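Asker: Sharing a structure below in structure tokens format, with a few things to ask.
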Amino acid sequence: MRGSEDIELKNELKQMIIDACDRDESIEEIGDDDGLFGDGTTLELDSMDALQISMALNKKFGKKTTDSKKLRKIMTSINTLADYIQPE
């Protein structure tokens, strides 16, 4: 099952982001296809948050990416993150 189809994984990722970035939002406030970074997004995450998320992904899932362009694509939304963690 692709990660974007796994509700449990997506909720786990949402909670991980909330914890890693010290946010007050609940997982229900974050849409699966919502953009994660920039003004006008639900979380309005920035580059420091991206670093925190990257470290949390490495710690929790053993996923480490140092290519910033690839990381930007991976962290577009909860669905893209979930598919990166669980491609099939």
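Asker: Per 0.36 nm of contour for each residue apart, how much would the distance between residue 34 and residue 46 grow if the chain were fully extended, relative to their Cα-Cα spacing?
Answerer: Working: separation 12, 0.36 × 12 = 4.32 nm, distance 1.48 nm.
Between residue 34 and residue 46, full extension yields an extra 2.8 nm.
Asker: Just need the relative contact order of the chain here, percent rounded to a whole number, with Cα pairs under 8 Å and 6+ apart.
Answerer: 42 percent
Asker: Please work out how much accessible surface residue 75 shows to a 1.4 Å probe, ignoring ligands, DNA and RNA, in Å² rounded to 10.
Answerer: Roll a 1.4 Å probe over it and residue 75 shows about 10 Å².
Asker: Given the rule -39500 (n - 2.57) for each run of at least 4 DSSP H residues, summed and divided by the residues of the chain, what is its mean residue ellipticity at 222 nm, to the nearest 500 deg cm²/dmol? Present the calculation step by step, with values, prior to reporting the outcome.
Answerer: Details: 4 runs with 44 residues, N = 88.
Here the helix-only value at 222 nm equals -15000 deg cm²/dmol.
Asker: With Cα extents along the principal axes in Å in mind, check (i) 31, 28, 20; (ii) 52, 31, 19; (iii) 35, 31, 23 and report the label derived from this structure.
Answerer: For Cα extents along the principal axes in Å, the calculated option is (i).
Asker: At most 16 other Cβ atoms within 10 Å and a DSSP loop assignment: could you name the trypsin sites (Lys or Arg not before Pro) in the range 34-81 that fit?
Answerer: 63, 64
The values are calculated or read from the model by the stated rules, or taken from the named source; none is laboratory data. No experiment lies behind these values; they were computed from the predicted model shown. Note that each Cβ is placed from the backbone with ideal geometry, even for glycine, and that neighbours are counted across all protein chains shown. Side chains included, ligands, DNA and RNA excluded: accessible areas come from the protein's heavy atoms. Shrake-Rupley method; radii C 1.70, N 1.55, O 1.52, S 1.80 Å.
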